[in-house]
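The block underneath contains the structure these notes are about, expressed in structure tokens.
The values are calculated or read from the model by the stated rules, or taken from the named source; none is laboratory data. Since the structure is predicted, the reported quantities are computational estimates derived from the model, not experimental observations. A quick note on method: Cβ atoms are made from the backbone with ideal geometry, for glycine too, and the neighbour counts reach across all protein chains shown.
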Amino acid sequence: VAAWTFGVLFAMRISAKLNIFLGVPNLTDEFFPTHLEHLKSYLPKRPMNALMPVSVIGSLILCAWLMTQADRAVEGSAMATGFVLLFTLAGLALLEHFFMVLPVQDAALWRWASPSKSVQKSEANSTEDKGLSSNALESTK
């Protein structure tokens, strides 16, 4: 089960990264800190890429196969539990892929936990001001 878990997580994460790199319509890039804003230029927003349908169909097939295997396993066995857990991981990865395509603002779920951009900018400005004032003091010496 551990090897299958690693395989599912690895394959679905690589699939998500490749889809983001190739361009997806709903990219959650609001959480980039101000000093990493330039990375947005490497992540295009496109209506569709060729890998997304392959990823979604492959994930659906994987989910169906894992659920079938869980259904065929002896009830209450470790294999049944393992296949259900693998199905859950694959289903959550499929949900992640759907969030990239559907016009749902999943970033709204996490905005409460991140500082606002204005707070980050004011902190950056105060850091720059401190750096400027220390440079000015050194130049007057």
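Data overview
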item: Residue within the range 24-34 that is more than 15 Å from L95 (Cβ to Cβ), in the same structural domain as G91 (by TED's automatic domain parsing) and over 17 Å from the mean Cα position of the chain (by Cα) present; result: yes
item: Count of residues meeting criterion [outside any helix (DSSP H, G or I) and either surrounded by fewer than 14 Cβ atoms within 10 Å (Cβ to Cβ) or at pLDDT below 80 (or both)] in the range 8-33; result: 8
item: Meets criteria (in a helix (DSSP H, G or I), at pLDDT below 95 and over 25 Å from R111 (Cα atoms)) for M52; result: yes
item: Near pairs, Cβ below 7 angstrom, 6+ apart or cross-chain, from the range 69-88 (under 12 Å from A2 (Cα atoms)) to any residue that is surrounded by 13 or more Cβ atoms within 10 Å (Cβ to Cβ) and of a type outside the set (S, T, N, Q); result: M79/A73; F83/L66; F83/A70; F83/A73; L86/W4; L86/V8; L86/L66
item: The lone exception for S134 - which of (1) loosely packed, with under 13 Cβ neighbours inside 10 Å; (2) modelled with pLDDT of 95 or more it fails; result: (2)
item: Residue in the range 34-43 that is modelled with pLDDT under 85, surrounded by 11 or more Cβ atoms within 10 Å (Cβ to Cβ), basic (K, R) and in a helix (DSSP H, G or I) present; result: yes
item: Where L95 falls short, out of the listed (1) in a helix (DSSP H, G or I); (2) touching a Lys or Arg at 6+ places or on another chain (Cβ under 6 Å); result: (2)
